1. Would you kindly state how much longer the chain becomes between B:K122 and B:T77 on full extension, computed as 0.36 nm times their sequence separation minus their alpha carbon distance, in nm to one decimal?
2. Hey, got the Cα dimensions of segment A:184-286 along the principal axes, in Å, largest first?
3. Which residues does a label at A:R207 reach in segment A:224-244, if reach means a backbone N under 16 Å from a point 7 Å past the Cα toward the Cβ?
4. Could you tell me which of the pairs B:K95/B:K183; A:K133/B:K122; B:K122/B:K149; A:K44/A:K139; A:K12/A:K247; B:K177/B:K198 are separated by over 22 angstrom between their Cα atoms in the structure shown?
5. If you take the Cα atoms of chain A, find Rg, then find the Kirkwood Rh from the mean of 1/r over all pairs, what is Rg/Rh?
6. Where both partners of a DSSP beta bridge lie in the protein assembly as shown, what percent of those bridges are antiparallel, to the nearest 5?
7. For chain A, give the percent of accessible area contributed by carbon and sulfur heavy atoms, probe 1.4 Å, rounded to a whole number.
8. Expressed in whole Å with the largest first, what are the equivalent ellipsoid semi-axes of segment B:100-208 derived from the C-alpha gyration tensor as the square root of 5 times each eigenvalue?
Amino acid sequence: MARISSLSEAIKDAVRDGDTVALEGFTHLIPHAAAHEIIRQGRKRLTLIRMTPDLIYDQLIGMGCVDRLIFSWGGNPGVGSLHRLRDAVENGWPQKLELEEHSHAAMANAYEAGAAGLPCAIFRGYIGGDMPKVNPKIKRVICPFTGEELAAIPAHRPDVAVIHAQRADKAGNVMIEGVLGVQKEAVLASKRSVVTVEQIVEDFGPRSLNAVILPHWTIQHVVAVPGGAFPSYAQGYYARNNSFYKKWDDIARERDTFLAWMKTNVLEKGPEAFAQYTRKQRAAAE
Amino acid sequence: MVDYKPNEMMTIAAARALKNDDVCFVGIGMPSAAANLARLTHAPDIVLIYESGTLATKPNVLPLSIGDGELCETALTTVPVPEMFRYWLQGGRIKVGFLGGAQIDKYANLNTTVVGPYDKPKVRLPGGGGAPEIATSCGEIFIIMAQGKRSFVDRLDFVTSIGHVSGGDSRARLGVKTKGPTKLITDLALFEPDAQSKEMTVVSLHPGVTREQVQDNTGWPVKFAAQVAETPPPTARELEVLRELHARTNRAHSEAA
């Protein structure tokens, strides 16, 4: 049953040291505000899962919250490297980071298998490349009907999924629109979940008969955090701040500029800052 | 004769490789520029698919990320990412996949994972993303990459996605039924696989480019086809559309919220 919570309560209750956490979002609806709260609460030894770790995973890694990363593409899209991720992998700063690397197809299948309650995902993939040599969790299985050899990897079963969505209603049902990524699968594959939303409304009102909705009994905490995906975007509320993604390259390149930015913009701020970042665009949208 | 840059020639040559009835899986960066240039010039009906789930999208500006709102707003429909990879890519619904990489070898195998040893990398690259399965599930693959000795290498540090593996029928022997890389478009030349050996072979040089230049920027002894053509230079129209697209994109991406 979803509870309408504050962000600090939700993270305190749902995310624990040593947890496996999937903060998902495929470019769209990335839960930045929730991740900042995890950093502020000083979570340690996390295993993070994400198809496309980007700025927010760079921040979690650079702040020493993460021991292990399960991923398929780690970069600043269209800009370049994640400098904190690279510093952790190449130099062990601020601590060593263990990688479990997959392809997108594998990750998407593993979330779906997790949501479906299966122990593993089976798909046609990883043919001929080196990935299976560096990831012992990539196995082959034989189709019992055709004899075709297929790839198998374990299902994702995170302790907790953290996502951002456009709207929740008073009962805690959550509606997502636009680029959907793997958020529905991530929530349904996880033991616990936290969903931050742009708005909590009385009722969703008229909608498509096939709207993507996560029912309240699949979610533990719903938190209203207007602007909570910034500098990612929330379709219908505010656009992706591509210029910030470009700026991140300079901020994160050196350890001291990174730490200074984190202090001013994360450690000394709260979730209400996100409403400010997106105020103008949100006012026009609501 | 219109003045143009080698990168513009590369993007335009790649755009020309796409046909009006293609269904194309597009990656960010140069593939996206080439695919949208094709759509805005000779291939208005081309279906562009981005791995964020946007089917038949018609962005007005190039996306910075694979899932910009622009892609979703101009798409026919947007499907969840697991569906994208299962039904559309693995299901065999995509004709052409467009890839690039940090390193390529003469059989068009690609590395986007790591430079140096995997456990002690010199440079940790973003990783495979969709490439390992794009490379084997799309009907054929076009690769677009600027040439240089550090990127066109004799031996990859890591094989992220396969091309023609070790040449000959080695790809088919792995059970892969799709064609693999049929075109490699660079800033200097156009390569296609040799019918027998499957080694990527120069079939066309861009205007003013010499064989020596291609060799100087390639880490293996380059093969040239019996007949090497000259790539037609960019037309005024191609250049105009490409430059307008980039100008619109730069304006859109530098706007602060």
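The values are calculated or read from the model by the stated rules, or taken from the named source; none is laboratory data. For clarity, every value in this text was computed on a predicted model and none was experimentally measured. With ideal geometry, Cβ positions are generated from the backbone for all residues, glycine too; neighbour counts draw on all protein chains shown. Calculation scope for accessible area: heavy atoms of the full protein, side chains included, ligands and nucleic acids excluded. Shrake-Rupley method; radii C 1.70, N 1.55, O 1.52, S 1.80 Å.
1. Answer, rounded to one decimal: 12.1 nm.
2. 49, 36, 22
3. A:224, A:235-237
4. Violating the 22 Å Cα-Cα cut-off are A:K44/A:K139; A:K12/A:K247.
5. Rg divided by Rh gives 0.97.
6. Restricted to the protein assembly as shown, the bridges split so that about 40 percent are antiparallel.
7. Its accessible area is 53 percent carbon and sulfur atoms.
8. 21, 18, 12
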